[in-house]
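Each value in this text was obtained by applying a stated rule to the coordinates, not by laboratory testing. As the structure is a computational prediction, the values presented were derived from the model and not from experiment. A quick note on method: Cβ atoms are made from the backbone with ideal geometry, for glycine too, and the neighbour counts reach across all protein chains shown.
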Amino acid sequence: MTMAPTHGIATAEDISYWRSEFPIVESCTYLVSHSLGAMPRRTSVYLQQFADQWSSRGVRAWHEGWWEIGRETGNILAPILGVEKNTISMHQNVTVAQGIVGSCFTFDGPRRNIVMSSLEFPSNHYLYEGFRRYGAEIVYVPSADAIRLDTDRFIEAIDERTALVPLSFVLFKSAFITDVKAVIDRAHRVGARVVVDAYQGAGTVPMDLAAWNADFAVGGSVKWLCGGPGAGYLYVRPDLARALKPALVGWAAHESPFEFATGEIRYAGSPERFQSGTPNVPSLFSARAGYEIVASIGVPAIRRRSLQLTRRLIDGAQAAGFRLNTPTDDRERGGSVVIDVSARNLRTDEGQRVADELIRRNVIVDYRPGAGIRMAPHFYNTEEEIDHAIATLSEIAAASV
Ligand SMILES: Cc1ncc(COP(=O)(O)O)c(C=O)c1O
């Protein structure tokens, strides 16, 4: 049996080892890790462990690891995000995590603005729009090209009236990498807080959230972390965490939850004070394998490999005559490439049909309206798969003319 590489992915042998850890790559060309990362083989082992514990230990399992599993899971994730251990709480998804952040603030004084890019993931808009009923004003900053965040324009919108700035590190539609550090610096100069949505970066683009002085970060495990659904995370900067009192809390956030004291909560320390109710135990078992693998390879090594593959994808797509709705400069691009089929005599709205046909031919990708066909290689993909995807896309386009 081949041994797991001790660090990084440097050789073809390492890649074939990691491929053998992800069964789905044997049956299709899996290029959709920006949406649902492939399931690691050892996820089945961890899920079986959960079932065995529930089955054999019953309620005793809570005090044999289940109660602490959120903090432990967050600790595996911490180096991937570039934060200290014991600073992450686990939640169902990004919406819930952002809801908890929003519930730490009031929006009825002069500092009531929430500044967001028009290119944010829709949930972030939907959630904060709901805060208008508590007095929040939402300030949307438009994008000139629907690909990039204009940092100067964005920063100008942040002032003394700004309470919160939710900002994606990598934009979901175009894979553009935003200048999170510049935004945090500006926000802190005027007393505002930044919530980094790390989802599209975590596990494929290195992040140093503590060094950037991020106030909050949220994300989930479904994509590049290969952790499956139901394991969202919330990082809160430790000095800030101690002072915050989220309104969206439950008994798991109490300093002595098993006292079952009624009335006003006495907050636990961090990160548990951001907890809601019963932890999402099976999802946290499922998330572990992906986190362990990503942490053991290391995000810088994953990034180097990702750039080799996305560069090949871009060159191939451009040579075949497709237009890209993604930055071509490596420094500006996260892990996915967005291909607009309209340049090949297809109407833009035919992107969904072309994506469906790619999937029918076993090249697994997705399509986002207003963006295009998204393809996302991860550390388990090969050059041959990239070439096959472009060749298949070209065949479909040629047949459609
Ligand atoms: C940047 C970003 N934020 C948030 C979400 C949604 O997260 P959740 O479903 O965990 O609320 C996504 C999902 O695609 C995303 O890409």
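Brief remarks follow.
- Pair-distance profile P(r), taking every C-alpha pair of the range 209-284, with 10 angstrom steps and integer %: 18, 42, 33, 7, 0
- Point-to-point label distance, THR6-ARG57, nm (Cα→Cβ direction, 7 Å offset): 3.3
- Fewest-first sequence of GLU26, GLU72 by Cβ atoms within 10 Å of each Cβ: GLU26, GLU72
- Enclosed volume per residue, in Å³, of the convex hull spanned by Cα atoms of the range 92-246: 103
- Per-residue ellipticity at 222 nm from helix content only, as computed over the chain with -39500 (n - 2.57) for each DSSP H run of at least four residues, stands at -11000 deg cm²/dmol.
- Multiplying each eigenvalue of the alpha-carbon gyration tensor of the range 307-401 by 5 and taking the square root yields semi-axes of 19, 15, 12 Å, largest first, rounded to whole angstroms.
- Counting beta carbons within 10 Å around each of THR162, THR328 and listing the fewest first gives the order THR328, THR162.
- Using a Förster distance of 25 Å, the FRET efficiency for ARG42-ASN213 (Cβ separation, nearest 0.05): 0.10
- Cα-based equivalent ellipsoid of the range 243-401: semi-axis lengths in Å, sorted from largest, via gyration tensor: 45, 19, 15
- Once the C-beta distance of ASP239 and GLU332 is scaled by a Förster radius of 45 Å, the resulting FRET efficiency is 0.90 to the nearest 0.05.
- Candidate lysines - alpha carbon under 25 Å from LYS173, same-chain residues fewer than 8 apart omitted: LYS181, LYS223
- Estimated D of the chain in µm² per second, where Rh is the Kirkwood radius over Cα pairs and Stokes-Einstein applies at 20 °C, 1.002 mPa s: 97
- Calculated from backbone phi, Karplus (6.51, -1.76, 1.60) coupling profile of the range 222-232 in Hz, x at Gly/Pro: 5, 8, 5, 7, 6, x, x, x, x, 10, x
- A cut-off of 5 Å between modelled amide H atoms, ignoring neighbours fewer than 5 places along the same chain, links ILE138 with ILE114.
- Inter-label distance, nm, simple model (7 Å from Cα along the C-beta direction), GLU137/SER35: 3.9
- Membrane-span-like helices in the chain (whole DSSP H runs, Cα extent of at least 24 Å along the helix axis, mean Kyte-Doolittle hydropathy of at least -0.5): 281-297, 299-319, 383-400.
- In the range 1-143, the convex hull through the Cα atoms has an average projected area of 14.2 nm², a quarter of its surface area.
- Interatomic Cα distance distribution for the range 174-226, bins of 10 angstrom, percent: 24, 54, 21, 2
- Taking the C-alpha atoms of the range 9-65, convex hull volume expressed per residue in Å³: 135
- For SER256, SER283, the sequence from fewest to most other C-beta atoms within 10 Å is SER256, SER283.
- Coupling constants for the range 324-332 follow from the phi torsions by the Karplus curve (6.51 cos²θ - 1.76 cosθ + 1.60, θ = phi - 60°), and in residue order they are 10, 9, 8, x, 8, 6, 3, 5, 9 Hz; glycine and proline get x.
- The label point for THR382 and the one for GLU395, both projected 7 Å from the Cα toward the Cβ, are 1.8 nm apart.
- The three principal axes of the Cα atoms in the range 158-310 give end-to-end lengths of 56, 43, 25 Å, sorted in falling order.
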